[in-house]
1. Taking residue A:227 in one copy and the same position in all the others, each labelled 7 Å out along Cα→Cβ, what are the pairwise distances from the first, in nm, shortest first?
2. Say the dipole of region B:409-514 comes from +1 at the beta carbon of Lys and Arg and -1 at that of Asp and Glu; which of B:495, B:476, B:445 then lies farthest toward its positive end?
3. Among B:97, B:158, B:220, which residue has its Cα furthest toward the positive end of the charge dipole of region B:92-231, with +1 on Lys/Arg Cβ and -1 on Asp/Glu Cβ?
4. Which of the pairs B:87/B:227; A:172/B:283; A:227/A:283; A:87/B:283; A:130/B:227; A:130/B:87 have their Cα atoms more than 30 Å apart in this structure?
5. In nm, one decimal, shortest first: how far is the label point of residue A:185 (7 Å from Cα along Cα to beta carbon) from the matching points in the other copies?
6. Taking the Cα centre as origin and putting +1 on Lys and Arg beta-carbons and -1 on Asp and Glu beta-carbons, what dipole magnitude results for region A:7-104, to the nearest 20 debye?
7. Which one of A:424, A:276, A:379 is farthest out on the positive end of the charge dipole of region A:267-424, using unit charges on Cβ (Lys, Arg +1; Asp, Glu -1) and the Cα centre as origin?
8. In debye, nearest 20: dipole of chain A around its Cα centre with unit charges on the Cβ of K, R (+) and D, E (-)?
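What follows draws every value from the coordinates through simple rules; no lab data is involved. As the structure is a prediction and not an experimental result, all values here were calculated from the model. In this analysis, Cβ positions are derived from the backbone assuming ideal geometry, glycine residues included, and neighbour counts consider all displayed protein chains.
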Protein chains: 2
Amino acid sequence: MNGAESLLRSLVDGGIELCMANPGTSELHFVAALDRVPGMRAVLGLQENVVTGAADGYARMTGMPAATLLHLGPGLANGLANIHNAKRAHTPMVNVIGDHATYHRHLDAPLTSDVEGVAAPFSHWVRSSKSSRSVGRDAAEAVAAARRPPGQIASLILPADASWNEPGVPVKAIPIAEATMPPDETIAAIASRLRESKSAALLMGGLALREEALDLAAAIAHATNAKLMTSTFYGRLERGGERAEIDRLPYFPEQAAQMLSGLQDLVLVHTGAPVGFFAYPDKPSILTDSATRIQTLAELEEDAEGALRALAEALGIRNVERGQHRARAPRPERPTGALNPLTVAAAIGSTLREHTIVVDEGATSGAFLLGATASGPAHDWLSLTGGAIGMGMPVATGAALACPDRRVLSAQADGSAMYTIQALWTQAREGLDVTTVLFSNRSYAILNMELERTGAAPSEQAARLFDLGRPDLDFVSLAEGMGVPGVRVENAEALTAAIDASYDEAGPRLIEVPLG
Amino acid sequence: MNGAESLLRSLVDGGIELCMANPGTSELHFVAALDRVPGMRAVLGLQENVVTGAADGYARMTGMPAATLLHLGPGLANGLANIHNAKRAHTPMVNVIGDHATYHRHLDAPLTSDVEGVAAPFSHWVRSSKSSRSVGRDAAEAVAAARRPPGQIASLILPADASWNEPGVPVKAIPIAEATMPPDETIAAIASRLRESKSAALLMGGLALREEALDLAAAIAHATNAKLMTSTFYGRLERGGERAEIDRLPYFPEQAAQMLSGLQDLVLVHTGAPVGFFAYPDKPSILTDSATRIQTLAELEEDAEGALRALAEALGIRNVERGQHRARAPRPERPTGALNPLTVAAAIGSTLREHTIVVDEGATSGAFLLGATASGPAHDWLSLTGGAIGMGMPVATGAALACPDRRVLSAQADGSAMYTIQALWTQAREGLDVTTVLFSNRSYAILNMELERTGAAPSEQAARLFDLGRPDLDFVSLAEGMGVPGVRVENAEALTAAIDASYDEAGPRLIEVPLG
């Protein structure tokens, strides 16, 4: 058995079942070994940011890492932006990056680069295998590193000779440490503050956004009269149906600061203290009042649900009932007439079906989506965690690979779509049930809004740089060029009909929604 | 004047006239300052690898750096692969990467990353500006670093507060050191070896591939009975018309080793000793015989043309005549009938017009292109220097921005096209005279060839990972989705007609050529 085969066998033993791949010559022996190792599915992405984003989406839905297969430093570089988003989503991921043979590196052939240096800024764990004999062990350690709670980025560099040489030694999965519990005195201290506080809030992120944790948090908030909110961005939120309703901390810092204003106590669960997404001249970066006392119930490495359960017990809360804190506002009616962000949100909200996975990169055009779906059937919500746009289509692809019995609704905007539009081809090849609703306002609208906020005068060059028209992008042509059936809709009735039809059919669909 | 304006004024004073941009919120003040600073043209790319590749193409044709404008670590990461190619082409480039305000970084907001760490592996020079007052000076130093012979990658990180704060202090261009001359004794020693050698070759790269240097090298080769060849990949080769003909070192190591076999002497001019692009099991990485004596006439930092002139003088060569060593093989006839790599090459060769800029990322389908164009009219040839595919469409875009009075022929393959297909939109928006001839063999053909070379058994998963069909990519749809008129041709007559028509019309065109 060569190093490549030992790598694959070690990954499979560690529970990895999917390898998103964009291989090159240095990865040939890995590719050839795929046929000899049952249990690993390899899926091609035409650009590496599709590969890494799909690995992210898959892991968000399964809780298990996918592997990626990337071609040397530049191939890794192409996938870094979605590795950044995955890191910010606390996603477990094992990147396998082919490199030159160990004895070839010093010759500085054209594709040579400092692969460890490229991986480091976006990885928790980086290693370059020394020989075929170390590859299996390195792979097992990479899986263990990726699965360290709450989830990490492990990047394993595979020199070509470590891949093709024999012997390879497959290594059994290394047991994963469970997430630890917060100290009893922390739980007691927070319980005591929540009992006394005149104005408290729980800010939730990470694994605190799954239904059991949310039920506990909602019960705690209800019993202590605390507010309950999510961080602005999160990897995955379970919502709708019987699940507890939860507000979202707004994106714009003025609105976020207003929501946090006057709090005596803020309790963090699997998230950090709220800060501005960007800094702005003469505006504070820290969004809480200086008087607010901030305490962390569960750090990211700790057990969020366990911590919430312990806190509920400390507060004397028994019987946390499913459905008690569900959203009660009526679902939106099926909209009619002109397309705008409100009618688009109503169209998605009114047609939403149970178990849909919503991937939200709708940007400004998707502002009303969360509200319009809150009272819908149970579904998952995956958001842009790291701010590197181009995450939505790949994450939708990976979520669909993870959950073949569920439909993915990919809410996407024209600007962000164009970073990773190649994901549509993988959706077509794999026959994935992804409905892309593409909001086309023909601009980087968020930048125009931000420019207005700075008070800068309207600028001719800015207008040109933030405008996506001239020429208009035709997303139906783009989708069909990659084998995805597409349709452009001109009113809300057509949009709801197109969404409904996509739920009823197998395979990917793209619906272009011209706005403004 | 704020920091951003001082940056722009310093760049313009340093001779930078083009800023390829994909900005975000942290770059707003840079964008707003564009209107206040005459002399800088800003051009939008929809994905950052388009931005950096276009900056590369522009600089290859003008000799002057373009600036890029990128959005924090992930935006830079998206453009690294074409920065890698630019670095390998010895292209001068000034990257301006927006970052969080200095006081905001430690808060670890979602888009935070180690931007210096991201830039370092692919940059010769990296700096993060400390304040608005340092920005102008940093910009001037970045331009000087980029212009250090033969050309370098300078990455300047611009914190948002350094951009928006006052005062900014524009700084005059720093004088650039000229390339140095090799020592006289090196020239004398090489002259002496070339006189005595029974079997010598000159291997040329970098700036040694411009017409004056090539005439000198051809005269030297002729006088000393030496072979003359280029490195396998190079940033820009001036060829055709009266220019001296030169062979290319083949890509596959067996063929390259054969061409280098038996040499007593190898003289390097602006390139390194030839090594395999990749290593292969049981095959040497170094392609020259161990007995071959390798000497460097001109290092990359030295003056290649000056060195060749001095060498010619040392060899007593007077009168280097233009056209004396031009290619003499007949140009190909206009081909008819079925499309295959030979007829496609003949179609491009027979229609080639004077001053065309050929960007070559045709991969396996473009194997015969160099031969079919050698006897054509004077033209430039830009190749993939760093092996990171996805360079061709962006470089073609930048070359067209650099030379609005010349047509760019972008020879592209389906696999490589899909990494940076977004470049077509910029070609449409700017009305660039780029003809993309897209070879569609529906596979990563090079990987199938490489797999065969390894002797590995045909593999089912490999077949799937290297296959670009199922579904077929429709490049006419993709082009038209981005505003570029496209046509699919089914025979050689239609291909030559479509190429001819594109030369006669303004603006971009895409011609899809189905193969095999």
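1. Its label point is 7.5 nm from the equivalent points in the other copies.
2. B:445
3. The residue sitting farthest along the positive end of the dipole is B:220.
4. In this structure, A:172/B:283; A:87/B:283; A:130/B:227 lie more than 30 Å apart at Cα.
5. Those label-point separations list as 7.4 nm.
6. 200 debye
7. So the residue furthest toward the plus end is A:379.
8. 480 debye
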